[in-house]
Amino acid sequence: MKTGILVLAIGTIGYVGFSFFPARFHVDGRAAFLPQAIGMTIGALFFSLFYLKQRPFSRASVKNMLGGFIFAVAVLLYLISINLNGVSVAASLTQMNVILATLGGIYILGERKTRWELWNVYIGLFIVLIGGVMIGLTSTEIVANLL
């Protein structure tokens, strides 16, 4: 359990730094992307070698790199969004991925849901969507003009 807490603490520090430093020093997301990508790659290699004690370029790792490249695109867009919207709005809007992940699980991966469960899922996703829209509006002039 101690090892898990240590890994969680390191990950949390990394995530906070990942969001905080570009915003704090007004660094453009595109400029911050490469140094952060290099740092994440080195961190993943160390994690794989010393914590998991397996080869970093096994067949399973290579297959999972596709997901990593998709994540890289998401990270780049997130870093750009930090400059445009601020950390709080950008971080909140990234959590909208739960909508795509849930619908992908149901329709692409074929998760089975009863009619009642599906109804509740749709209501929950609608609430998440409305929350995301409201958060997005907080950074626009529309809300400023209303106040």
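Laid out as a table, the results:
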read-out	value
Boolean, residue 104 is farther than 26 Å from residue 138 by Cα, modelled with pLDDT of 80 or more, in the same structural domain as residue 135 (by TED's automatic domain parsing) and within 20 Å of the chain's Cα centre (by Cα)	yes
Options 115, 24, 30, 59; residue that is of a type outside the set (A, V, I, L, M), over 25 Å from residue 4 (Cβ atoms) and outside the structural domain of residue 3 (by TED's automatic domain parsing)	115
Qualifying residues in the range 32-51 (those that are exposed (fewer than 11 other Cβ atoms within 10 Å of the Cβ) and aliphatic (A, V, I, L, M)) - the one nearest to residue 9 (Cα to Cα)	42
Condition broken by residue 73, with the remaining ones in (1) out of contact with any Ser or Thr (no Cβ under 8 Å at 6 or more places or on another chain); (2) under 29 Å from residue 2 (Cα atoms); (3) exposed (fewer than 13 other Cβ atoms within 10 Å of the Cβ) satisfied	(2)
Meets criteria (modelled with pLDDT under 85 and out of contact with any helix residue (DSSP H, G or I) (no Cβ under 8 Å at 6 or more places or on another chain)) for residue 62	yes
Single condition residue 36 does not satisfy, out of (1) touching a Pro at 6+ places or on another chain (Cβ under 9 Å); (2) part of a loop (DSSP other than H, G, I, E, B)	(2)
Test result for residue 19, in contact with a helix residue (DSSP H, G or I) (Cβ under 7 Å, 6 or more places away or on another chain) and either in the same structural domain as residue 136 (by TED's automatic domain parsing) or of a type in the set (Ser, Thr, Tyr) (or both)	yes
Residue in the range 59-75 that is of a type in the set (S, T, N, Q) and within 30 Å of residue 136 (Cβ to Cβ) present	no
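The values are calculated or read from the model by the stated rules, or taken from the named source; none is laboratory data. Just so it is clear, the structure is predicted and the values come from calculations on it, not from any experiment. FYI the Cβ positions are ideal-geometry reconstructions off the backbone, even for glycines, and counts take in every protein chain you see.
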